[in-house]
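Asker: Mind having a look at this structure? Questions to follow.
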Amino acid sequence: MVISKQTRSKIDAVIAKYPQARGALLPALHLVQDEYGHVSKECAVEIAEIFEIRPVEVMEVLTFYNLFFDSPQAKHHVYVCTNLPCSLRGARGLLRQLESQLGIKAPGETSDGRIFLGHEECLGACGYAPMMRVDGQYHEVLDIEKAKRILDSLGE
Amino acid sequence: MLETPYVTNYLTEHFGEEDYPTIEGYERVGGYRAARKALTEMSPDEVIELVKIAGLQGRGGAGFSTGMKWSFMPKDTDRPKYLVCNADESEPGSFKDRILLERGSHQMLEGILIAAWATGASTTFIYIRGEYAYPADQMERAIGEAYAKGYLGENVMGTGFRHDVRVTRGAGAYICGEETGLLESLEGKKGQPRKKPPFPAQYGAFGMPTTVNNVETFSHVPHIVEKGANWFRSFGTEKSPGTTVFGVSGHVVRPGLYELPLGTMLSEIVFEHAGGVPGGRKVKGVIPGGMSMSILPAGQLDVPMANEFLHERKTMLGTGGIIVMDETTCMVRVASVISYFFRDESCGQCTQCREGTGWINKIVDRIERGAGEEEDLEVLLDVAGKMEGQTICAFADAAAWPIQGLLRHFSDDFAEHVRQRKCPFAESFEL
């Protein structure tokens, strides 16, 4: 067993809230990823057992959605929205400058595996562009100085 | 935190008040009175009739009559019935549902409760896009408060009516905003849309009769029940009553949210409310209803923001997300951003969409690089035409329309790239 007891009991509690157990599959993947940072093959197999489905069905869901990861991830995730409303307000330039600050090309991560920098599609912040999502948090109405300060404040 | 709308009306008038997202704050300004009225003084059919007469149209993009949708739910059935709140807001240019979830949590819950009474639904699933972490947490808090007060659960407001509300978080897929893609995702599957019929009212979430409504749609309902159909019809146009929360983004002085009656002139929203284009530059084009909708050139902004008028100009109200582009904008770059998005988000189920979105993106990028040929413009229209109306869901239409719109109004931009063999718009936004 790789999934912790606590997470397992949270999964069981979510399953009880749906008319069919399978409805809790996305919530279960969120819970496992919250604990481990990604959903490993071992976890996926165990989730398949919990839901009484085939592992490939779990993998199918896991790989369909952008927010799920099936491999280990950088410590911090930085996504700049580059959809049209943000691009019109300089999001691509911002992304370029963050690339040069970190010395990497997006999508990609720093050599120490600390920061992943990428772009994302519309995040529903079009009136507050440009913006980025850092470790799940929205940062809006950015300029390069503000964005750099946010990157600098990220912990080890 | 989100800014409150620049212009407010009945939906958003209290959004600036700090305690409004709490149940105490909401009840202080009369919250939950409408639900009590519906559950104790009105029959389900009376509620449906009222919403029909009020003329409320869904605010999620398609603009279908809400009362009509509710009336499709089977009445004589032993099967459980469900409501689904579509809070998967992902349409580029649209950011209204986020504030309606964060600040108007109880307003929406009250709308859900009334809709549940009208349709006989036992459970509502609120499907919130995965990136909306704070709105999801806030909704969970609001639901907890409503249970504690007896407004949800086994015996809603002492009436014997039972209703439960659950929050499900998505995981980053635009297609889950399509109602049957959403239902698949809610059931723990890939969000690939279903063939219709059967429609959700017959076979919806977990195979049960289901009605799917958008966040804003639910939020209008308590106001209609409390103040009546005539009051609701005093806003907006004959065919499109009520207000909506317009989101304005792109090249304007004051990007943000504006709650205004449907039928407000697009030019008034862009130039008066949002302050027009900064730096004294001119407008080149405006997408009126989220990125899936066709663009309007600067000369066509004298149009009321309601479907009956926008249809005449071959576009739609959609989600009311208004994206403004100034005169420096390269429309081929715009096409590149749009076509990349649809290529990236196609669920891959239908060939026309999976292949078509890729081809459109490749051809547009070729033109932008200066490597396009004259016949590419026709190929683009040919591919877009073969996607439109040919697939399981409306995603392929949404991918085709903006490209067709750009070619309808700005074909010179495309032709000029081909002629000069480079992008002639040096001042345009960076790609």
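Asker: From the residues B:334, B:323, B:273, which one has its Cα farthest along the dipole of region B:210-354 in the positive direction, the dipole being from +1 and -1 charges on Cβ of Lys/Arg and Asp/Glu about the Cα centre?
Answerer: In region B:210-354, that residue is B:334.
Asker: Please arrange B:163, B:223 by accessible surface area, largest first, computed with a 1.4 Å probe and ligands excluded.
Answerer: Details: B:163 0, B:223 25 Å².
Accessible-area ranking of B:163, B:223, largest first: B:223, B:163.
Asker: When DSSP beta bridges are limited to those with both residues in region A:64-156, what percentage is antiparallel, rounded to the nearest 5? Kindly include the intermediate steps, with their values, before the conclusion.
Answerer: Details: 8 of 14 bridges.
The antiparallel proportion sits near 55 percent.
Asker: Rank A:106, A:76, A:123 by how far each Cα sits towards the positive end of the charge dipole of region A:76-149 (+1 on Lys, Arg Cβ; -1 on Asp, Glu Cβ) and give me just the farthest.
Answerer: Of the listed residues, the answer is A:106.
Asker: Roughly how crowded by other chains is peptide A:63-69, in terms of the mean Cβ count from those chains within 10 Å of each of its Cβ atoms? Show your work: numbers first, answer last.
Answerer: On the way: counts 1, 12, 9, 9, 8, 3, 0.
What the average comes to for A:63-69 is 6.
Asker: Would you mind getting the Kirkwood hydrodynamic radius of the protein assembly as shown from its Cα pairs, rounded to one decimal in Å?
Answerer: Working: mean 1/r = 0.0408 Å⁻¹.
Result for the protein assembly as shown, one decimal place: 24.5 Å.
Asker: I want to verify the translational diffusion coefficient of region A:76-149 in µm²/s; compute it with Stokes-Einstein, Rh as the Kirkwood radius over Cα pairs, at 37 °C and 0.692 mPa s.
Answerer: Working: Rh = 11.9 Å.
Once the numbers are plugged in, D ends up at 276 µm²/s.
Asker: Going by average Cβ neighbours within 10 Å, how do the peptides A:139-147, B:139-147, B:236-244 rank, with the highest at the top?
Answerer: Details: A:139-147: 15.9, B:139-147: 19.0, B:236-244: 21.2.
Highest to lowest by the protection proxy: B:236-244, B:139-147, A:139-147.
Asker: Can you give the charge dipole size of region B:331-420 about its Cα centre, rounded to the nearest 20 debye, using +1 on the beta carbon of Lys and Arg and -1 on the beta carbon of Asp and Glu? If you can, show how the numbers build up before the last one.
Answerer: Working: 9 positive and 16 negative charges, 50 e Å.
Taking the Cα centre of region B:331-420 as origin, the dipole is about 240 debye.
Asker: While we're here: How much of the DSSP beta bridge set in the protein assembly as shown is antiparallel, as a percent to the nearest 5? Present the calculation step by step, with values, prior to reporting the outcome.
Answerer: Details: 24 of 52 bridges.
Taking every DSSP beta bridge within the protein assembly as shown, about 45 percent pair in antiparallel fashion.
Asker: Please get the size of the charge dipole for the protein assembly as shown, origin at its Cα centre, with Cβ charges of +1 on Lys and Arg and -1 on Asp and Glu, quoted in debye to the nearest 20.
Answerer: Values: 61 positive and 79 negative charges, 82 e Å.
The calculated dipole for the protein assembly as shown is roughly 400 debye.
Asker: Going by amide H atoms built from the backbone, whose H comes under 5 Å of the H on residue B:243, apart from near neighbours?
Answerer: Those qualifying (amide H under 5 Å, at least 5 residues apart or on another chain) are B:262.
Asker: Would you mind working out the accessible area per residue for chain B, using a 1.4 Å probe, and quoting it in Å²?
Answerer: Value for chain B: 35 Å² per residue.
Asker: Could you order the peptides B:355-364, A:46-55 from most to least packed, using the average number of other C-beta atoms within 10 Å per residue?
Answerer: Details: B:355-364: 21.1, A:46-55: 16.1.
My ranking of the peptides, most packed first, is B:355-364, A:46-55.
Asker: If you find the alpha carbon centre of region B:31-98 and of region B:329-360, how far apart are they in angstrom?
Answerer: 33
Asker: Partner chain Cβ atoms within 10 Å, averaged over the residues of B:158-170 - can you pull that number for me? Walk me through the numbers before you get to the answer.
Answerer: On the way: counts 0, 0, 0, 0, 0, 0, 1, 0, 5, 2, 8, 4, 5.
Across B:158-170, the average partner-chain Cβ count within 10 Å equals 2.
Asker: Of all accessible surface on region B:23-233 at a 1.4 Å probe, what whole percent is carbon and sulfur? Display every interim value, and only then the final one.
Answerer: Working: 3350 of 6660 Å².
Here carbon and sulfur together make up 50 percent of the probe-accessible area.
Asker: What percentage of all Cα-Cα pairs in region B:23-233 are separated by more than 31 Å?
Answerer: That fraction is 11 percent.
Asker: Please list B:365, A:152, B:376 in order of solvent-accessible area, largest first, computed with a 1.4 Å probe with all protein chains present. List each step's numbers first, then the result.
Answerer: On the way: B:365 50, A:152 110, B:376 10 Å².
Ranking B:365, A:152, B:376 by accessible area, largest first, yields A:152, B:365, B:376.
Asker: Test of understanding: in a Gaussian network model of chain B with alpha carbons linked when under 10 Å, which of B:19, B:344, B:76 would top the mean-square fluctuation ranking?
Answerer: Highest fluctuation among the options: B:76.
Asker: Another question, if that's okay. Can you give the accessible area buried between chains A and B, summed over both chains, with a 1.4 Å probe, in Å² to the nearest 100? Let's see the in-between values first.
Answerer: On the way: alone 9090 and 17100 Å², together 22300 Å².
Chain pair A/B: roughly 3900 Å² of buried accessible area.
Asker: Right, another one. Starting from the amide H of residue A:119, placed 1.01 Å from N in the peptide plane, find each other amide H under 5 Å away whose residue is 5 or more places distant or on another chain.
Answerer: A:80
Asker: Let me ask you something else. Normalising by the residue count of chain A, find the relative contact order in percent from Cα pairs under 8 Å and 6+ residues apart.
Answerer: On the way: 205 pairs, mean separation 28.2, N = 156.
This gives 18 percent for chain A.
Asker: Could I ask something else about it? Would you work out the charge dipole size for chain B about its Cα centre, treating the Cβ of every Lys and Arg as +1 and the Cβ of every Asp and Glu as -1, and quote it to the nearest 20 debye?
Answerer: Details: 44 positive and 58 negative charges, 130 e Å.
Roughly 620 debye for chain B.
Asker: I would also like to ask the following. Can you give the relative contact order of chain B as a percent, counting alpha carbon pairs under 8 Å and 6+ residues apart? Kindly include the intermediate steps, with their values, before the conclusion.
Answerer: Details: 887 pairs, mean separation 68.7, N = 431.
16 percent.
Asker: Can you tell me which aspartates and glutamates have their Cα less than 14 Å from the Cα of residue B:239? Leave out same-chain residues fewer than eight positions away.
Answerer: B:308
Asker: Ranked from the most accessible area to the least, with a 1.4 Å probe and all protein chains present, what is the order of A:102, B:262? Don't skip to the answer; put the middle values down first.
Answerer: Values: A:102 40, B:262 5 Å².
Largest accessible area first, the residues go A:102, B:262.
Asker: Using a 1.4 Å probe, how large is the accessible area of residue B:350, given in Å² and rounded to the nearest 10?
Answerer: 20
The values are calculated or read from the model by the stated rules, or taken from the named source; none is laboratory data. Note that the structure is predicted; figures quoted are calculated from it, not measured. Neighbour counts run over all protein chains shown; Cβ positions are idealised from the backbone, glycine included. Areas reflect the complete protein model, heavy atoms only, side chains present, ligands, DNA and RNA absent. Shrake-Rupley method; radii C 1.70, N 1.55, O 1.52, S 1.80 Å.
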